[in-house]
1. What's the extension gain from Thr47 to Lys155 if we count 0.36 nm per residue and subtract their Cα-Cα distance?
2. Output the 0 to 90 degree angle, nearest 10, between the alpha-carbon long axis of helix 77-86 and the longest principal axis computed from the alpha carbons of the chain.
3. Report the rotationally averaged projected area of the chain based on its alpha-carbon convex hull, in square nanometres.
4. With a Förster radius of 25 Å, plug the Cβ-Cβ distance of Asp85 and Thr31 into 1/(1 + (r/R0)^6) and report the FRET value to the nearest 0.05.
5. If you add up the charges near Ser162, with Lys and Arg at +1 and Asp and Glu at -1, over every other residue whose beta carbon is less than 12 angstrom from its beta carbon, what do you get?
6. Taking the Cβ of Asn100 as the center, what net charge do the other residues with Cβ under 15 Å away carry, scoring Lys and Arg +1 and Asp and Glu -1?
7. Would you please put 134-144, 9-19, 102-112, 154-164 in order of how densely packed they are, using the mean number of other Cβ atoms within 10 angstrom per residue and starting with the highest?
8. What number, in percent, do you get for the relative contact order of the chain if the mean sequence gap of Cα pairs under 8 Å and at least 6 apart is divided by its residue count?
Amino acid sequence: YAAAQRWPLVLALSRFGTFKQLGVVQSSTTTAFANISTFTFRDAYYTSKYVILEPVERYGTLNPTGARYLSLQAPSDRQRRAVADYASSTTTFPLLDVGNRWVLNGASFSPSVLMGLSQDQIAGDLSSTASPLTQAVVSAANEITASICAVDGQKPGTVCLSRGVLSADAALKITPPA
């Protein structure tokens, strides 16, 4: 689920800033939705006038015994508290905390729309508005964007006042009607 959720997160964050060294990876071979082409935020840099990204890649591949995943990065005390406060369990992933006001716990769509596709195929499919993959990823990105806009004072307006983001805002009832 985290592998799928990274697509709309990258799309949403790209509306506010720029990534450098964003890695490309495959999800685990042992999960329900195995081998999904996705991103890793480990060693990535993100710059924005509007958003601070504090990614934590908690787990990597299975250890050689296959008993559990190898630990990659440890969350800070504040991040650990957020997981404890917002997650339904300590193993719930992905968890996105937007300014301690909005929390996304879990995937916004079924990872099945990404199954069997390469990174290039997924990226290419995102240009087709009729594609179920595009609809899932862009809808989720609009929801993430709307939550960021609610926290950052609706800036930049070109992003926060776009039709898709305003629709997501209304559907999620983030901004009360005037």
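Derivation of every value follows stated rules applied to the coordinates shown; laboratory data play no part. Keep in mind that this is a model prediction, so the values were computed, not measured. A quick note on method: Cβ atoms are made from the backbone with ideal geometry, for glycine too, and the neighbour counts reach across all protein chains shown.
1. Once the chain is fully extended between Thr47 and Lys155, it gains 37.4 nm.
2. That helix lies at roughly 80 degrees to the long axis.
3. Numbers: hull surface 43.4 nm².
Across all orientations, the chain yields a mean hull projection of 10.8 nm².
4. 0.50
5. For residues surrounding Ser162, the net value is +1.
6. Details: positive: Arg78, Arg80, Arg81, Arg101; negative: Glu54, Asp77, Asp85, Asp97, Asp152.
Residues close to Asn100 contribute a combined charge of -1.
7. Working: 134-144: 21.2, 9-19: 18.9, 102-112: 16.9, 154-164: 13.9.
The peptides rank, most packed first, as 134-144, 9-19, 102-112, 154-164.
8. The normalised contact order for the chain reaches 23 percent.
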